[in-house]
Amino acid sequence: MEKFNTHSGLVVPLDIANVDTDQIIPKQFLQKTERIGFGVHLFHERRYLDHEGTQVNPDFVMNKPEYKGASILLARENFGCGSSREHAPWAIEEYGFKVVIAPSFADIFYGNCINIGILPVKLTEEEVEQLFKLSAEEVLTLNVDLPNNTVTCGDLSFKFSLSEFQQYSLENGVDSVGWTLNKLDKIKAFEAKMPTWQ
Amino acid sequence: MTTSTPQTMYEKLWQTHLVEDAKGETPLLYVDRHLIHEVTSPQAFANLRFLNRPVRHPERTIATMDHNISTRSIKIDAAGEGAANQLRALEKNCKEFGIELFGMGHKNQGIAHVMGPELGLTLPGTIIVCGDSHTATHGAFGALAFGIGTSEVEHVFATQTLRQNKAKTMKIEVRGHVGAGISAKDIILAIIGKTGSAGATGYVVEYCGEAIEALSMEERMTVCNMSIEFGAKAGLVAPDQTTFDYVEGRQYAPKGEVFEQAVADWKNLRSDADAVFDAVLTLDAKDIKAQVTWGTNPGQVVSVDSIVPSPEDFSDPVEKESCKQALKYMDLTAGTKMTDIQVNKVFIGSCTNSRIEDLRAAAGIVERYAGQKVVDSVDAIIVPGSYRVKEQAEAEGLDKIFTNAGFEWRLPGCSMCLGMNDDVLGPGDRCASTSNRNFEGRQGRGSRTHLVSPEMAAAAAITGHFVDLNS
């Protein structure tokens, strides 16, 4: 997993609450056995006017020319709810996003992001509202600093937090499976004490 | 002598599975049972292969084909090239890594969350995970069960453990008894209507109270199944005699003395009387009526005897806007009676409502409309949750009740709940569905989903609209 330190990028304001992972990547694109090829279908139903994805929807925020090359997704509450499909953060990552900012995330989606190296930033409702307002005025560039847990934009600075290990894992690009495999003795000791029925 | 702090069931499950809680690390939990399917596992297997890592306990993982299989044919190629490719990859991966697979037409094949419980793979006091958000279903047994992403599937394969931050706890008590004709689906939809679709994010929910205790295991599964639909990490019901009686004798369940020992342990799982929850919600069962969703998330739900709400009914600006968007997508007008909404599709199935009791309940309604058939304007399909359910239903003659009334009787699978196979709705189709998600486009681009109980779905198939069966 790539290490995450600081990131500076353009912000796309996606002003929709309760964005579920079916919207992020619809089911017809889940039939792959590889981990690539999802970015082009990110937000498919909103991004394209037709089912086949040949006509770009010019009204969808991500399709507006000023947001080309954006790498920070600004979203509303309960982002990533619904299905556990990791294909959702895969699609977000492949499209080019490094950071997703929202007032709240669904639990599974949040964990999936961290496991693949996307930084989910939880800010307060008011802070997110402020960023949406600023985004309505101009195309925003934000600086995200993981070691210092800050999101800054000009004079504005917001703090966010992650659990200690999530922060460490993102900063160091930890191979979580390898990390746990170093603890096999602990796992074996646990197994030795398990009741028969378990 | 030390007095121990009273614990919730979740805390007990946590403690008994804690492998390590090292400083600076996310706690490491042991996983007893891992269910996998064709859609969320291939990339996890690929990584294992790439890094030359084995599956640590292949006997603790069970595979089934459910998400994108055809419900018209047991042929692997029947649901298209993409699906066949994933199904073949699952076969190959299970063979290579030594995992038992219930493939096409196998007598144990079924939706993971139907198959696991009916085979006794789901046990109280265990941790069960699956790359599917409806894994919370198994919480009905007093198992800590939750959906995981593919990176976590790989972690479980390689280590038989998972890292989890501790969730908060919520007690949802449903007091008293529900009225006649009110199903488990109505109970859970009423709960979600009360909390909103993110009301339990960050929590593990324990359902309790007389109305929950009175439920059968299958009904408890329906309740726990939809825990994710209001954001909960997992849903739990304390195991009791109903649970033990259900588990006993099932194929993979412990037998004899081991079973007795297990039951003795399982009896200690329930939350201590004075355990403290981070949040408590109480409902009166008698107030719960038959539910129908009107919007595009499961929290947008009302009683069938009610009307489609207006954005003006909501004070929260986000909810107001969500209502406006939902009415537009659903092509509904505020103030319309729910019973006036016409549907043209009916789907009875999914891990929420495809078990034998669900099919019996639906068949019971069909029989109540003696002699009447599915109305011409409606296509109705019934998709049993597993081959065992299908076999049982056929032994009871339920399939004949349905087909004689004009329903299509299909082969088991996830089917139209998510429409990964060819069971998809077209733009503008309006469906009474016993599934769990009414998201935009979930059952097909531009399609409109109303979540209901099997009874309501059956009545909608015959009349062409929602019906207040109790009036």
**Request:** Report, by residue number, each residue of the range B:304-321 that is in a helix (DSSP H, G or I) and over 26 Å from the mean Cα position of the chain (by Cα).
**Result:** B:311, B:312, B:313, B:317, B:318, B:320, B:321
**Complete:** Here the residues within the range A:80-113 that are of a type in the set (Gly, Ala, Ser), outside any strand (DSSP E or B) and either within 12 Å of another protein chain (Cβ to nearest Cβ) or free of Cβ contacts under 8 Å to residues at least 12 places away in the same chain (or both) are A:80, A:82, A:83, A:84, A:88, A:104, A:106, A:111
**Prompt:** Where residues in the range B:218-243 are farther than 11 Å from residue B:142 by Cα and without any contact (Cβ under 8 Å) to a residue 40 or more places away in the chain, which of them is nearest to the chain's Cα centre (by Cα)?
**Reply:** B:231
**Asked** Which pairs do you get when a residue that is more than 28 Å from residue B:449 (Cα to Cα), found in the range A:10-39, comes within reach of a residue that is in a loop (DSSP other than H, G, I, E, B), reach meaning Cβ atoms under 7 angstrom, with the pair 6+ apart or on two chains?
**Response** A:10/A:69; A:10/A:70; A:10/A:71; A:10/A:139; A:11/A:70; A:11/A:140; A:12/A:70
**Enumeration of residues in the range A:17-40 that are more than 7 Å from chain B (Cβ to nearest Cβ), closer than 20 Å to residue A:59 by Cα and surrounded by 18 or more Cβ atoms within 10 Å (Cβ to Cβ)** = A:19, A:24, A:25
**Asked** Could you list, in sequence order, the residues of the range B:326-360 that are basic (Lys, Arg) and under 26 Å from the mean Cα position of the chain (by Cα)?
**Response** B:345, B:355, B:360
**Request:** Quick one: in the range B:442-471, of everything that is at pLDDT below 95 and within 23 Å of residue B:222 (Cα to Cα), which residue is nearest to the other protein chains (Cβ to nearest Cβ)?
**Result:** B:469
**Message:** Looking only at the range B:2-21, filter to residues that are in contact with a Leu (Cβ under 8 Å, 6 or more places away or on another chain) and either of a type in the set (Val, Ile, Thr) or without any contact (Cβ under 8 Å) to a residue 40 or more places away in the chain (or both); which one of those is nearest to residue A:192 (Cα to Cα)?
**Reply:** B:19
**the range B:1-58, residues that are among the hydroxyl-bearing types (Ser, Thr, Tyr), in contact with a strand residue (DSSP E or B) (Cβ under 6 Å, 6 or more places away or on another chain) and within 11 Å of chain A (Cβ to nearest Cβ)** = B:26, B:30
**Item:** Candidates B:453, B:435, filtered to the one that is polar (S, T, N, Q), crowded, with 20+ Cβ neighbours inside 10 Å and touching a Cys at 6+ places or on another chain (Cβ under 8 Å)
**Value:** B:435
**Request:** Working only within the range A:146-186, note down all residues that are in a helix (DSSP H, G or I), over 17 Å from residue A:72 (Cβ atoms) and in contact (Cβ under 8 Å) with a residue 12 or more places away in the chain.
**Result:** A:166, A:167, A:169, A:171, A:172, A:176
**Message:** On the basis of being more than 30 Å from residue B:332 (Cα to Cα), surrounded by 15 or more Cβ atoms within 10 Å (Cβ to Cβ), within 12 Å of chain A (Cβ to nearest Cβ) and not β-branched (Val, Ile, Thr), does residue B:254 make the cut?
**Reply:** yes
**Prompt:** Which ones in the range B:266-311 are among the basic types (Lys, Arg) and in contact with a strand residue (DSSP E or B) (Cβ under 7 Å, 6 or more places away or on another chain)?
**Reply:** B:289
**Message:** I need the strands (runs of 3 or more DSSP E) fully contained in the range B:94-197, keeping only those with at least 3 residues that are more than 14 Å from chain A (Cβ to nearest Cβ) and in contact with a Phe, Trp or Tyr (Cβ under 9 Å, 6 or more places away or on another chain).
**Reply:** B:168-175
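Quick grid of which residues meet (1) in the same structural domain as residue B:191 (by TED's automatic domain parsing); (2) aromatic (Phe, Trp, Tyr); (3) more than 30 Å from residue B:250 (Cα to Cα):
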site	(1), (2), (3)
B:367	no, no, yes
B:371	no, no, yes
B:387	no, yes, no
B:392	no, no, no
B:411	no, no, no
B:440	no, no, yes
B:448	no, no, yes
B:469	no, no, yes
**Prompt:** Residues of the range A:163-198 being of a type in the set (Gly, Ala, Ser) and over 26 Å from the mean Cα position of the chain (by Cα), which ones?
**Reply:** A:189, A:192
**Asked** Which pairs do you get when a residue that is more than 7 Å from every other protein chain (Cβ to nearest Cβ) and outside any helix (DSSP H, G or I), found in the range A:187-198, comes within reach of a residue that is of a type in the set (Ser, Thr, Tyr) and surrounded by fewer than 12 Cβ atoms within 10 Å (Cβ to Cβ), reach meaning Cβ atoms under 8 angstrom, with the pair 6+ apart or on two chains?
**Response** none
**Request:** Those residues that are over 21 Å from residue B:219 (Cα atoms), out of contact with any Gly (no Cβ under 8 Å at 6 or more places or on another chain), modelled with pLDDT of 95 or more and outside any helix (DSSP H, G or I), I need them from the range B:347-391; list them, please.
**Result:** B:369, B:372, B:376, B:379
**Message:** Residues that are away from every other protein chain (no Cβ under 14 Å), at pLDDT 95 or above, touching a helix residue (DSSP H, G or I) at 6+ places or on another chain (Cβ under 7 Å) and within 17 Å of residue A:44 (Cβ to Cβ): does the range A:114-123 have at least one?
**Reply:** no
**Asked** Say we look at the range B:23-50 and pick out the residues that are over 25 Å from residue A:163 (Cα atoms) and of a type in the set (D, E, K, R); which of these is surrounded by the fewest Cβ atoms within 10 Å (Cβ to Cβ)?
**Response** B:49
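The values are calculated or read from the model by the stated rules, or taken from the named source; none is laboratory data. Fair warning: this is a prediction, and the values are worked out from it, not measured in the lab. We place every Cβ from the backbone using ideal geometry, glycine too, and count neighbours over all the protein chains shown.
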